[in-house]
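Accompanying notes for the structure given below.
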Amino acid sequence: MPSNAPVGVFDSGVGGLSVLREIRQLLPNESLLYVADSGHVPYGEKSAEYIRERCVLITEHLLAQGAKALVLACNTATAAAAGELRERYPDLPIVGMEPAVKPAAAATRSGVVGVLATTGTLKSARFAALLDRFANDVRVITQPCPGLVECIEAGELQAPATRELLQGYVAPLLAEGCDTLILGCTHYPFLRPLLGELVPASVSLIDTGAAVARQLQRLLALHDLQATEAARPTRYWSSGEAAQLCRVLPILLGEKAEVLSI
């Protein structure tokens, strides 16, 4: 595989753009491909089998475009499909996501950690294993957030409906004494400005986008696949309405780009 081949990144929708942003910052020479599976969003309410089927199809598309590595920029997709993808494509460097339980457990001062995530992530065996491994000494309170992904997909980061929904999810966690909140869905970092208005400054907000970028950096180095030329413009696809992704790209990433249908 040529070292200047692109890295494929995908998510159930636009959430993975928060991870793509971190990859760009750490690895500015890497060319990127991005698939938003917005025709099937949100993954959080879908079955694991359904999600695995979608992930295989998208991976095949990205490989056909010449991807040298794969980033599952979605906690729910990672929980459902990372194992199968690694079995199917043993020579492909694959980076997944998982909620930041370990750093949150280390960061909390009150001993109470809140998790904002999709239903699918919170029900997964992968999340249960994270709690067993890293959260024995802290109290973890989980909060499924139905509807929040759809608000972000629409680019409504400051809309009254988004604020009301987020306030309803955060309030019970704060009432229980959480001083650390895990943003357990890649869509949620786009709500950091709004969260900053809804939670005290003393509450830490933790996500794993930067850690995923560092893991991608390590894997590319391990396989001698670091890009040596300047990055080409990111190419985008959507399984939903391409025009919708075109509309929200300036809101989420501050850029305009062509979006193709998949």
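The values are calculated or read from the model by the stated rules, or taken from the named source; none is laboratory data. Quantities reported herein were computed from a predicted structural model and do not represent experimental measurements. All Cβ positions, even for glycine, are placed from backbone atoms using ideal geometry, and neighbour counts span all protein chains on display.
Looking only at residues that are of a type in the set (Gly, Ala, Ser) and surrounded by 24 or more Cβ atoms within 10 Å (Cβ to Cβ) in region 68-77, which one is farthest from residue 6 (Cα to Cα)? Walk me through it before giving the result.
Quick first cut of region 68-77, residues of a type in the set (Gly, Ala, Ser) only: 69, 73, 77.
Keeping just the survivors that are surrounded by 24 or more Cβ atoms within 10 Å (Cβ to Cβ) gives 73, 77.
Details: 73: 15, 77: 21 Å.
Out of the qualifying residues, it is 77.
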Just the residues that are in contact with a strand residue (DSSP E or B) (Cβ under 6 Å, 6 or more places away or on another chain) and surrounded by fewer than 24 Cβ atoms within 10 Å (Cβ to Cβ), please, taken from region 35-53.
38
Checking residue 80 against (1) of a type in the set (Gly, Ala, Ser); (2) surrounded by 15 or more Cβ atoms within 10 Å (Cβ to Cβ); (3) not in a helix (DSSP H, G or I), which test does it fail?
(3)
Which residue is nearest to residue 239 (Cα to Cα), if the candidates are limited to region 1-11 and must be part of a loop (DSSP other than H, G, I, E, B) and at pLDDT 95 or above?
6
Are any of the residues in region 31-45 in the same structural domain as residue 215 (by TED's automatic domain parsing), more than 26 Å from residue 119 (Cα to Cα) and of a type in the set (A, V, I, L, M)?
yes
Would you pick out the residues in region 83-135 that are basic (Lys, Arg), under 20 Å from the mean Cα position of the chain (by Cα) and under 26 Å from residue 202 (Cα atoms)?
102
Could you tell me whether region 12-34 includes any residue that is part of a helix (DSSP H, G or I), surrounded by fewer than 21 Cβ atoms within 10 Å (Cβ to Cβ), of a type in the set (Ser, Thr, Tyr) and over 15 Å from the mean Cα position of the chain (by Cα)?
no
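Look through region 84-100, keep the residues that are within 16 Å of residue 126 (Cα to Cα) and modelled with pLDDT of 95 or more, and return whichever of them is surrounded by the most Cβ atoms within 10 Å (Cβ to Cβ).
95
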Considering only residues that are under 14 Å from residue 114 (Cα atoms) and either small (Gly, Ala, Ser) or surrounded by fewer than 16 Cβ atoms within 10 Å (Cβ to Cβ) (or both), which ones fall in region 165-199?
167, 168, 171, 172, 175, 176, 177, 184
